[in-house]
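Where a number appears in this text, it was derived from the coordinates with a stated rule and is not lab data. Quick caveat: nothing in here was measured; it's all calculated off a predicted structure.
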Amino acid sequence: MGFNMSWILVDGIDQDTLFDALDLAPRDQTPSKHDLGTSRVPLAGATLKSGWCAVFAKYALVMDITTGTDPPRLTRLPEKSRSFICVKLEHAMVSYSSLGHGGRYTWQIRHDSDQGVWHLETSGDLPSEFGGVRDAA
């Protein structure tokens with residue numbers, strides 16, 4: 001079985017507000033970091049030392065809960081908040097990453113092996129370092 005997990009990191013928000021914005025219900029237990037994103041713990045949240053709040057989920061749940069509604073739940077985040085989303089689906093050989101600010105995307109990067117081994121779809125104002133990382137890979 002491959003690594004199939006997604007997560008969102010958001011700054012300028014507390015854990016309860018993040019869960020409310022994404023229509024999630026927190027659980028009162030601390031899972032093992034090795035169980036995050038597995039069948040044992042398909043969904044977990046954390047507040048990092050940096051102050052950013054996170055939600056870790058099995059498969060592409062984070063992408064589904066942030067973009068799969070009309071309007072997207074991502075737009076419920078505070079205007080000042082930045083959000084970083086990652087999705088890694090090894091079984092489908094798909095990966096996705098994005099940075100948002102105030103509920104709007106700043107940039108997005110997506111790879112889908114069904115589109116070809118070199119497929120890389122990008123949009124938005126990518127970080128200046130992106131070109132060098134892409135070229136090195």
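Overview of values
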| read-out | value |
| --- | --- |
| 15 Å Cα-Cα reach of Lys58 towards aspartates and glutamates, excluding residues that sit fewer than 8 places from it in its own chain | Asp35, Glu90 |
| Reachable aspartates and glutamates from Lys49, criterion Cα separation under 12 angstrom, eight or more residues apart if same chain | Asp11 |
